[in-house]
Each structure stands twice: as structure tokens, then as C-alpha cells.
1. Can you confirm whether the stretch 129-141 contains a residue that is touching a strand residue (DSSP E or B) at 6+ places or on another chain (Cβ under 7 Å), within 14 Å of the ligand (Cβ to nearest atom) and under 25 Å from Gly86 (Cβ atoms)?
2. If Thr84 satisfies all but one of (1) within 9 Å of the ligand (Cβ to nearest atom); (2) out of contact with any Leu (no Cβ under 7 Å at 6 or more places or on another chain), what's the number of the condition it fails?
3. Between a residue in the stretch 32-59 that is of a type in the set (Ser, Thr, Tyr) and any residue that is assigned to a loop (DSSP other than H, G, I, E, B), which pairs come within a Cβ distance under 6 Å, given they are 6 or more apart or on different chains?
4. Go through (1) under 19 Å from Ala148 (Cβ atoms); (2) aliphatic (A, V, I, L, M); (3) part of a helix (DSSP H, G or I); (4) within 14 Å of the ligand (Cβ to nearest atom) and name the single condition Ile103 misses.
5. What about Met1, is it surrounded by fewer than 16 Cβ atoms within 10 Å (Cβ to Cβ) and among the hydrophobic types (A, V, I, L, M, F, W, C)?
6. Based on this model, can you work out whether Arg210 counts as closer than 19 Å to Gly109 by Cα, out of contact with any Lys or Arg (no Cβ under 6 Å at 6 or more places or on another chain) and crowded, with 16+ Cβ neighbours inside 10 Å?
7. Sort out which residues of the stretch 142-173 are under 22 Å from Lys80 (Cα atoms) and among the β-branched types (Val, Ile, Thr), and write them in order of number.
8. Specify the residue that is nearest to Leu105 (Cα to Cα); the eligible residues are those in the stretch 10-30 that are near the ligand (Cβ under 6 Å from one of its atoms) and small (Gly, Ala, Ser).
Amino acid sequence: MKRIALFGGSGLTGQEFLKLALQHGYPVSALARTPAKIPQTSPNLQVVPGDVLNAEDVSSIVRGADIVVSLFGQVKNSPKDVQTRGTAHIVAAMQQHGVRRIISLSGGGLPYAEDQPQLADRLIRGIMRLAVPHVLTDAQSHADVLRASGLDWEIVRGPRLTTEVARKQYRVGWVGVNASTSIGRADLADFILKQVESDEFVGKMPFVSR
Ligand SMILES: NC(=O)c1ccc[n+]([C@@H]2O[C@H](COP(=O)([O-])OP(=O)(O)OC[C@H]3O[C@@H](n4cnc5c(N)ncnc54)[C@H](OP(=O)(O)O)[C@@H]3O)[C@@H](O)[C@H]2O)c1
């Protein structure tokens, strides 16, 4: 089984992902600022205390991994460029340790060539540009870091994330194409886990919605 280096495992999506990854038997090394926020215990789980903004912490869990799953993002009091800086550390560690595949999580505010944004999508992007411009800028810059990395990157994008139980049914498309305006984090985690064994979306930014 591929060893997964996980960032953001203490978050709402990260918790759903970690539960599924362990159920499927994947060994996981998770970096967490507050390890107690990861309640799971398993012989397959190693929780390492650390911060994604610290290059040495990042390197310590990327070393020995086969793939990186990056689900961290802006939280209260984050620096405005946390995703960009953290992703730059992850990319540097992957290059140093010869790890090629990374799946990163972002939102529909991040544009991609295949998108055909509808009125609702334009409105949401417009509101985000006004209300949280740094979130969009950070998402875009983190994507630029991945694009320039030469790694096998994939950015999974979601609309509004909810806590609904897994429906086990969701759409995979682009913004405005085969898409809706929300996704449960459990279903999003299911899609992300499937990406661990799939190269279908390498270099792409699929949009997952209910
Ligand atoms: N919310 C939405 O509706 C929405 C929509 C589309 C896309 N997204 C994307 O999906 C991501 C995940 O969403 P979510 O709701 O699952 O997020 P969440 O519950 O807020 O989790 C964020 C995670 O990032 C971690 N983190 C933040 N700064 C860190 C740092 N410096 N070092 C290490 N870890 C750090 C947090 O760790 P701590 O526990 O230590 O704080 C937490 O595990 C978002 O960040 C965003 O990029 C969100």
C-alpha cells in the first residue's frame, strides 16, 4: 500500500479522509500542529507534531512517503499566504525526497481552463473576490507553485463544503460543467482517496459536487 503523507488531517475534510484511508489499509503519516485534534489511533497511523510553515517539519513526513495529500488551508489567524508557503515547503520536500505525486484541495474560486462558469458561479467568485480576496489569491498562488513544480500534481476543487453523511454519489466535472453548489466532505474525501490510485486527473483540477 502507498504510504500517504497527510497535511490538514485535523480539519473537517482531513478527518473524513483519514478515516477512509485507514479503513482501506493505507499507512498514513499526518502532520498536525495539535496532535490531540487527530483522535484516531491505528498501527497504520503516525501523527507527527508540526507546522506546514516549518520546512523541517514538512520534510520529516514527506520523507518515506509515496504520495502527498494536502488538505490544509486558511483557518483563523492564518497568514494570508499560508497555502502558498506551505505548498512551497511540501514541493521542496517532495523534490528532495523523490516523491512525485501530490493531491491538493482547493475551491471553485480557483479557475481552470475547462470551466464554463454559470451565473451562480460568477456570483460566488465575485462575492469571494470582495469578501476574502486573499483566499482566492492564495489558492491561485498555491496552484502556480504546483504547476511550476514538475511534479505529478492534481488539485481537487469543491464548492461549499458540508458535513452531510456520505451519499456515495457525486459528480466529477468542472466549474459549471456537470456540477452543483455543494459537496459533503465525506464524499469529497471518497473522491480524494480514489485519486491516490488514479492518474486520470494528473495536471488537472477536477470539480467535485453532489
Ligand atoms: N469551507 C469551504 O466551504 C471550502 C470550499 C471549497 C474548498 N475549500 C478548501 O478545502 C480546505 C479544507 O476545508 P475544511 O473545511 O476541511 O478545512 P478546516 O476544517 O478548516 O481544516 C483546515 C486544516 O488546515 C490545517 N492547517 C492550517 N494551517 C496550518 C498550518 N500552519 N500547519 C499545519 N496545518 C495547518 C488545520 O490545522 P489545525 O487543526 O491545526 O488548525 C486544519 O487541519 C480549505 O482549506 C479550502 O482550501 C473549502
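1. yes
2. (1)
3. none
4. For Ile103, the failing item is (3).
5. Yes, satisfied.
6. Answer is yes for this residue.
7. Val145, Ile155, Val156
8. Step one: list which residues in the stretch 10-30 are near the ligand (Cβ under 6 Å from one of its atoms), which gives 10-14.
Within this subset, residues satisfying the condition of being small (Gly, Ala, Ser) are 10-11, 14.
Numbers: Ser10: 14, Gly11: 12, Gly14: 10 Å.
Only one residue fits best here, namely Gly14.
The values are calculated or read from the model by the stated rules, or taken from the named source; none is laboratory data. Source: prediction; values computed, not measured. Cβ sites come from the backbone with ideal geometry, for glycine too, and all protein chains shown count toward neighbours.
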